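The numbers here are math on the coordinates, done by the rules we state, and not lab data. The structure displayed is predicted, hence computed values, not measured ones. As a convention, Cβ positions derive from the backbone with ideal geometry for all residues, glycine included, and neighbour counts pool all protein chains shown.
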Amino acid sequence: MADTSGMSGGRVAAVRDDYMELTRRKRLYSGILLAVFVALMVSGFMVADARNAGGFWDGWTNVLDFPRVVVAEAAEKAGELPGHLIAFFPALIETINIAAVSTLFGVLGGALLSMLSTRGLARWPRLIPLFRRMMDVMRAIPEIVIALVLIFVLGGGPVPAMIAIAFHTVGALGKLFSEVNENASLKPVEGLASVGATWTQRMVLGVMPQVAPNYLSYALLRFEINIRASAILGFVGAGGIGYELKNAMSWGQGQYDESAAIFLLLFATIVTFDQVSSLARDRLTHGRKSEMLHQ
Amino acid sequence: MLRIEQLTKTFGRNTAVDAATVAVDKPMMIGIIGRSGAGKSTLLRMLNRLTDHTSGRVSCEGREVTALRGAEKRAWQADCAMIFQQFNLVPRMDVVSNVLHGTLNRRSTLATLFNLFPAADIHRAIDILDRLGIAEHAPKRAEALSGGQQQRVAIARALMQDPKIILADEPIASLDPMNAQIVMDALRRIHEEDGRTVIANLHTLDTARRYCDRVIGMLHGRIVFDGTPEQLTTGVARDIYGADAGFSEAATSTAIEPVETAPERAVHGAKAIV
């Protein structure tokens, strides 16, 4: 029985003691960490509440007032709702188009930047920090700031919104994609390098097939976020359903049925794209599954 | 003790396991051999209930294994340990924690989430590791160990479950010959000293012959051979693997000592031609 005879009793006792000591220390650290976390949470909440103009405990019961008014008015004028839905539909299409185009550009740019900034895959390994910082900058500047500047330069409309959202999406997706890339196996890449493939060929043919399902699910999530973002940019004059929502809400009480219609449209859109994205993801991974079952 | 009756598993139009019937009356060491894709893994996975069966039944000491649900099913899984080809440890956790995972079924979820295990269990885990000769690696991360050491950690996790049956799915297929022998010796010793039933999928005939009391051969999902290692002649082996006369055990043997020398093989080859 080779190598399974065991150690002498004294050595085992030493291993036991060492391990118990290690465990005790780990538990102590975890306990301290937990206590600090709870203390920070509680004190942070109290500070925030004290600095709040109204006070959380008095105000939170009113949180539902606005939705209640909107729902009540919408229910009152339920007959006009289909008309509103039809009236605002073109604006919704414009919003979705802004989101779709900016997501498309964001995915392309993000994929490129992510490959350039992943260790092991990068074309110029020394420039990884540069591309990382570029993505950081893209994420750091709020979409609304870019949109406002561009609207000032280019005038109002969907193009500034599209550029603003695409810029932010490149940074956000680039980071997520590069984390996906880190988990990709380098073996196929090495295999392609061994046949003399260029960097682009290695990335597209060796890495993309591995990461495509994850890319797709991140891209679809980002598309949902971008629909919401392009709706918000409507508030600052970039067109689409956000512009209509701003108008509907600023008219105040009596016009909330229009707001309700727009909320309904936005909700239905998000639900639809959520369903479509899970379906698409299933399709993409299903091919793999059937291969795996065929063991 | 363990009865498998007409156990069948189909994936779409493929039948992975076709009406397998096996009865085990006393603790023994059983080797399952066959080509890859013959259904060996699926059979073991159905015994552990990792994979659901399509039809048939498995019973063990009055327990209707194939009908168990929820907590009862997990209790059965705790009694029926599984060892995998790729070890299936948690790579970033230390060796002792991995072994302690064998007790998860008995412990409350909350305590285990914070990695809190009783000191007695920790001592037992280290004793088991010592029995398998790897106690000195106790505080290391599982991923820092070699393949053979990781497989012994997996065996320690299985022993920690204190199971009646240990299922081993190709336990030595990713190991070099030396580590393969250590792991197989450990499994044999567990069977002999603890009286546990060990059922192992093996991809080399000589391993099955050397370590097992009983060998089951599978081909295309069916059990085509069930007998002692002595009954497993080269001719029978050829049938199990669906191979022709060119099939030679020695060509794929992983044993450190040669199974048969070249002249013997020549004799076998001659016999096959005759």
Helix-only CD estimate at 222 nm, as mean residue ellipticity for chain B, using -39500 (n - 2.57) per DSSP H run (n ≥ 4) = -11000 deg cm²/dmol
remark   = Any lysines whose Cα falls less than 22 Å from that of residue B:73, other than same-chain ones fewer than 8 residues away, would be B:9, B:40, B:164
task = Any chance you could give the angle, 0 to 90 degrees and rounded to 10, that helix B:119-131 forms with the longest Cα principal axis of chain B?
result = 30
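Might you report the magnitude of the Cβ-based charge dipole of the protein assembly as shown about its Cα centre, with Lys and Arg at +1 and Asp and Glu at -1, to the nearest 20 debye? Kindly include the intermediate steps, with their values, before the conclusion.
On the way: 58 positive and 55 negative charges, 129 e Å.
Its charge dipole is roughly 620 debye.
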query = Any idea which of B:99, A:180, B:149 is furthest toward the positive side of the dipole for the protein assembly as shown, if Lys and Arg beta-carbons carry +1 and Asp and Glu beta-carbons -1?
reply = B:149
task = Springs between alpha-carbon atoms under 10 Å, Gaussian network over chain B: tell me which of B:135, B:71, B:81 tops the mean-square fluctuations.
result = B:71
remark   = GNM of chain A, Cα pairs under 10 angstrom: of A:257, A:282, A:274, the biggest fluctuation goes to A:282
ask   = Using the alpha-carbon atoms, what tilt in degrees (0 to 90, nearest 10) does helix B:70-79 show relative to the longest principal axis of chain B?
value = 70
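Arrange the following residues from fewest to most other Cβ atoms within 10 Å of their Cβ: A:141, A:96. Show your work: numbers first, answer last.
Values: A:141 14, A:96 20.
If I rank by nearby Cβ atoms, fewest first, I get A:141, A:96.
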message = If R₀ is 51 angstrom, what is the calculated FRET efficiency for the pair residue B:106 and residue A:208, using the beta carbon separation as r and rounding to 0.05?
response = 0.65
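Using 0.36 nm per residue, how much length does the chain from residue A:81 to residue A:280 gain when fully extended, once their Cα-Cα distance is taken away? Spell out each step's value before the answer.
On the way: separation 199, 0.36 × 199 = 71.64 nm, distance 3.18 nm.
The residue A:81-residue A:280 span can extend by a further 68.5 nm.
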note = Of the residues B:177, A:159, B:15, the Cα lying farthest along the dipole of the protein assembly as shown towards its positive end, which is defined by charges on the beta carbon of Lys, Arg, Asp and Glu, belongs to B:177
inquiry  = Which one, B:108, B:208, B:125, is farthest towards the positive end of the dipole of chain B when Lys and Arg carry +1 and Asp and Glu -1 on their Cβ?
reply    = B:108
message = Shape verdict for chain A, please, from the Cα gyration tensor: rounded (a/c under 1.5), prolate (a/b greater than b/c) or oblate.
response = oblate
inquiry  = For a quick check, take a GNM of chain A with Cα springs below 10 Å and name the residue from A:37, A:105, A:88 with the largest mean-square fluctuation.
reply    = A:37
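Could you calculate, for chain B, the ratio of the Cα radius of gyration to the Kirkwood radius, expressed as Rg to Rh? Before the final figure, lay out each step's value.
Values: Rg = 19.4 Å, Rh = 19.6 Å.
Answer for chain B: 0.99.
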ask   = Taking the Cα-to-Cβ direction at residue A:14 and at residue B:220 and moving 7 Å from each Cα, how far apart do the two end points lie in nm?
value = 6.0
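Would you mind classifying the range B:1-45 by shape? Square roots of the alpha carbon gyration tensor eigenvalues, ordered a ≥ b ≥ c; an a/c under 1.5 is rounded, otherwise it is prolate if a/b is larger than b/c and oblate if not.
oblate
Can you list the DSSP H helices in chain A whose Cα atoms extend at least 27 Å along the helix axis and whose mean Kyte-Doolittle hydropathy is 0.5 or higher? Don't skip to the answer; put the middle values down first.
Working: long enough: A:9-51 (63 Å, 0.45); A:81-116 (50 Å, 1.61); A:158-182 (35 Å, 0.83); A:208-233 (35 Å, 0.55); A:256-293 (54 Å, 0.24).
Length and hydropathy pass: A:81-116, A:158-182, A:208-233.
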inquiry  = Out of all Cα-Cα pairs in the protein assembly as shown, roughly what percent, to the nearest whole number, are more than 37 Å apart?
reply    = 56
request  = With only Lys, Arg, Asp and Glu charged, each at its Cβ (+1 for the first two, -1 for the last two), find how big the charge dipole of the range A:67-123 is about the Cα centre; round to the nearest 20 debye.
outcome  = 480
request  = Would you mind computing, in nm to one decimal, how far apart the modelled labels at residue A:37 and residue B:176 are, each placed 7 Å from Cα along Cα→Cβ?
outcome  = 4.2
query = What is the fewest-to-most order of A:222, B:69 by other Cβ atoms lying within 10 Å of their Cβ?
reply = B:69, A:222
message = Give the lysines reachable from residue A:26 as a straight Cα distance under 30 Å; neighbours fewer than 8 places away on the same chain don't count.
response = B:140
ask   = Between residue B:24 and residue B:123, what is the spin-label point distance in nm, taking each point 7 Å from the Cα along the Cα→C-beta axis?
value = 3.2
task = Classify the range B:160-228 as rounded, prolate or oblate, taking a ≥ b ≥ c as the square roots of the eigenvalues of its Cα gyration tensor: rounded when a/c is under 1.5, otherwise prolate if a/b is larger than b/c and oblate if not.
result = oblate
query = How big is Rg to Rh over the range B:47-141, alpha-carbon atoms, Rh as the Kirkwood inverse-mean-distance radius?
reply = 1.02
Within the protein assembly as shown, percent of DSSP bridges classed antiparallel, to nearest 5 = 55
request  = Could you give the size of the charge dipole of chain A about its Cα centre, using +1 on the Cβ of each K and R and -1 on the Cβ of each D and E, expressed in debye and rounded to the nearest 20?
outcome  = 1420
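For chain B, what's the relative contact order in percent, using C-alpha pairs closer than 8 Å and at least 6 residues apart? Mind showing how you got there, number by number?
On the way: 487 pairs, mean separation 67.8, N = 274.
25 percent.
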inquiry  = Using only the alpha-carbon atoms, what does the range A:212-260 span along each of its principal axes? Please give whole angstrom values in decreasing order.
reply    = 48, 20, 10
